[in-house]
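**Student:** Have a look at this one.
Read-outs: derived from the displayed coordinates by stated rules, not from any lab. Bear in mind that the values here come from a model prediction, so they are computed numbers and not experimental data. Neighbour counts are summed over all protein chains in view; Cβ atoms, including those assigned to glycine, are modelled from backbone coordinates with ideal geometry.
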Amino acid sequence: MATLSYQRAILGGSLGEGAAISTAMIPFLLGAILISWFGLQAPEVAAGRKQ
Amino acid sequence: MPASARGGAFVGLENYEWLWDDSVFWLSVFNTLLYTGVATVIKFAVGLYLAILLNENLPFKAMLRAVVLIPFIVPTVLSAIAFWWLYDSQFSIISWSLRKAGLIATNIDFLGDVWNARWSVIFANIWRGVPFVAITLLAGLQTVSPSLYEAATIDGANRWQMFRHVTYPLLTPIIAVVMTFSVLFTFTDFQLIWVLTRGGPVTPRN
């Protein structure tokens with residue numbers, strides 16, 4: 001996605017399209033980070049946070 | 001009037017609407033998710049194994065730890081160029097070795113075939129990313145008190161049980177941080193893909 005964004009915005013001259021692709025990465029990135037952050041927390045830590 | 005001085009028309013969400021119907025964009029989403037998913041899982045598995053190995057009392061331990069860090073120290077563009085040579089369709093040393101060993105008849109087109117290109121860039125990313133995971137997890141492993149292992153040994157735990165019930169629970173906060181950073185770096189990777197494939201093969205956008 002980063003490569004496509006660069007190609008569309010810088011090489012292709014369509015800055016709007018490139019920017020749209022870059023910002024479209026954010027939800028995917030956020031989802032991946034939330035899964036890796038909360039999914040891999042120790043069960044004891046997660047339980048402690050709930051209490 | 002130069003183009004930069006002309007007033008622009010506000011297009012709202014038109015660029016996103018256009019992206020929604022763009023098959024190349026969805027292909028790039030698939031490629032990015034595949035690249036991130038496969039590379040991150042393998043980097044974690046290999047990095048954890050390497051960290052446990054480096055935590056043992058090995059001869060030349062300090063030197064081994066320094067050697068493990070080399071792929072991470074080398075600038076990304078330089079390691080990408082090295083992989084570009086390794087994956088060359090005509091002069092690849094991998095193809096040459098396999099041909100000499102009689103395992104293949106013709107050279108492998110590492111970067112010219114869609115699936116070969118995907119696995120090739122994933123392998124290059126794994127090679128580059130393993131040291132970061134290994135060294136960070138090694139730092140976490142060194143905070144685990146040896147007395148816990150002694151207690152587990154007295155209780156009759158084998159090596160797997162010690163890892164599962166002592167090492168892994170104490171390492172999970174570090175694993176969460178390492179995996180978050182690993183996903184972040186892999187998802188936004190640009191240099192490696194650009195140097196190796198220019199976004200190809202097939203079209204310069206795939």
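**Student:** Quick check on packing: order B:181-193, B:57-69, A:18-30 by the mean number of other C-beta atoms within 10 Å, highest mean leading. Walk me through the numbers on the way to the answer.
**Tutor:** Details: B:181-193: 19.3, B:57-69: 11.3, A:18-30: 16.2.
Going from most to least packed, we get B:181-193, A:18-30, B:57-69.
**Student:** How far apart, in nanometres, would the label points at B:V67 and B:Q191 be if each is projected 7 angstrom from Cα along the Cα-to-Cβ direction?
**Tutor:** Each label point lies 7 Å from its Cα, and together they span 2.5 nm.
**Student:** Moving to a separate point now. Looking at chain B, do any whole DSSP H helices span at least 20 angstrom along their long axis by alpha carbon and average 1.0 or above on Kyte-Doolittle, and which?
**Tutor:** B:23-54, B:114-141, B:168-187
**Student:** Once both labels are modelled 7 Å past Cα along the beta-carbon direction, what's the B:W85-B:S97 spacing in nm?
**Tutor:** Each label point is offset 7 Å from its Cα along the Cβ direction, giving 1.5 nm.
**Student:** Quick one: if the Förster radius is 25 Å, what FRET efficiency do B:L58 and B:F181 give, using the C-beta to C-beta distance and rounding to 0.05?
**Tutor:** Efficiency computed from Cβ-Cβ geometry: 0.40.
**Student:** Which ordering of B:Y149, B:Y87 is given by a fewest-first count of other beta-carbon atoms within 10 Å?
**Tutor:** Neighbour counts put them in this order, fewest first: B:Y149, B:Y87.
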